[in-house]
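Here the structure is laid out as structure tokens; the discussion comes afterwards.
The values are calculated or read from the model by the stated rules, or taken from the named source; none is laboratory data. Everything quoted here is computed from the prediction, not taken from an experiment. Every residue, glycine among them, receives a Cβ derived from its backbone with ideal geometry; neighbour counts consider all protein chains shown. All accessible areas refer to the heavy atoms of the entire protein, side chains included, with ligands and DNA or RNA removed. Shrake-Rupley method; radii C 1.70, N 1.55, O 1.52, S 1.80 Å.
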Amino acid sequence: MDRRMLVWSGVGCVALTFALGALITLGVAHPFVFDAWWNDVVVSFRSEGLVAFAHALDTVGGGWVAVYLVPLVVIISFLLARRWRSGVFAALAFLASAGAVQLLKHLFGRARPEDMLVLSDYGSFPSGHTANAATLAFVFAVLFPNVWIRIAGALWIVLMALSRTFLSVHWATDTIGGALLGAGVVLLLAAWLLPWVRRPGAAEPPADSLDDAPLTDAPTH
């Protein structure tokens with residue numbers, strides 16, 4: 001994926017997030033028919049085991065674990081692997097995504113479902129847990145363009161989104177907005193920073209070891 005494609009993909013994801021939030025705020029549907037239907041469906045499938053699994057994802061995907069612990073582990077891992085540029089990229093992605101989520105939560109101020117099983121903060125749209133999952137998945141997908149990493153990342157996003165609706169702490173469209181926002185933030189940052197991250201140097205792998213070599217600005221040797 002070249003830089004232009006990254007830009008347009010990132011802008012498209014962020015624009016769709018804003019458009020979805022605007023439709024909700026304007027009262028076109030609250031909740032959407034799809035949201036109400038999906039909430040009824042997942043509630044009908046609740047069991048002790050699934051609820052416990054969803055609670056585990058609630059802990060891992062939000063709060064201090066997702067906001068502080070996971071980013072620190074990822075960044076430190078990059079530093080230990082002598083990939084400090086990748087660590088900078090990841091840090092900026094986590095910060096930008098978290099900031100964007102809070103901005104949109106307060107901008108749109110959507111009410112959460114009434115039958116939620118866990119306490120949560122203000123604003124249902126977008127889902128912060130799903131945005132965190134998408135940010136993490138896309139950071140690794142961008143830095144390590146491997147099909148299995150991308151499949152694992154997609155699965156992680158889907159599981160997190162399902163767990164949020166399973167606990168009725170979010171509407172389905174909240175999770176769609178969160179996934180789009182997290183992905184969009186990473187893609188836009190990648191369009192800006194990926195040539196620098198992939199620049200050959202002592203602390204980073206050579207550009208020709210990655211499949212998106214056209215993004216590299218530095219001369220090859």
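Points worth noting:
- Answer from TRP156, TRP148 - the residue that is in a helix (DSSP H, G or I), more than 17 Å from the chain's Cα centre (by Cα) and farther than 28 Å from LEU26 by Cβ: TRP148
- Filtered residues of segment 75-97 (kept if open to solvent by less than 60 Å² (accessible area, probe 1.4 Å) and aromatic (Phe, Trp, Tyr)): PHE78, PHE89, PHE94
- Among (1) out of contact with any Phe, Trp or Tyr (no Cβ under 7 Å at 6 or more places or on another chain); (2) not in a loop (DSSP other than H, G, I, E, B) - the single one TYR122 does not satisfy: (2)
- Number of residues in segment 49-69 that are crowded, with 16+ Cβ neighbours inside 10 Å and aliphatic (A, V, I, L, M) equals 4.
- Considering only residues in segment 19-43 that are within 30 Å of TRP192 (Cβ to Cβ) and crowded, with 17+ Cβ neighbours inside 10 Å, the one that is modelled with the lowest pLDDT turns out to be ILE24.
- Test result for LEU189, at pLDDT below 95 and under 21 Å from ALA91 (Cα atoms): no
- Of everything in segment 170-204 that is part of a loop (DSSP other than H, G, I, E, B) and open to solvent by 20 Å² or more (accessible area, probe 1.4 Å), the residue that is nearest to LEU104 (Cα to Cα) is TRP171.
- Residue under evaluation PHE94, criteria (1) more than 20 Å from the chain's Cα centre (by Cα); (2) touching a residue at least 12 places away in the same chain (Cβ under 8 Å), criterion not met: (1)
- Annotation note: Cβ proximity below 9 Å between a residue of segment 25-39 that is more than 14 Å from THR165 (Cα to Cα) and a residue that is loosely packed, with under 13 Cβ neighbours inside 10 Å and modelled with pLDDT of 70 or more (sequence gap 6+ or interchain) occurs for VAL28/ALA22.
- Qualifying positions in segment 37-74 - within 21 Å of VAL139 (Cα to Cα) and out of contact with any helix residue (DSSP H, G or I) (no Cβ under 8 Å at 6 or more places or on another chain): GLY63, TRP64, TYR68, LEU69, LEU72, VAL73
- Out of LEU107, LEU72, LEU167, sole residue that is open to solvent by 20 Å² or more (accessible area, probe 1.4 Å) and at pLDDT below 95: LEU107
- So SER124, is it open to solvent by less than 10 Å² (accessible area, probe 1.4 Å), more than 14 Å from GLY21 (Cβ to Cβ) and touching a Pro at 6+ places or on another chain (Cβ under 8 Å): no
- Meets criteria (out of contact with any Lys or Arg (no Cβ under 6 Å at 6 or more places or on another chain), hydrophobic (A, V, I, L, M, F, W, C), modelled with pLDDT of 95 or more and open to solvent by 30 Å² or more (accessible area, probe 1.4 Å)) for ILE151: yes
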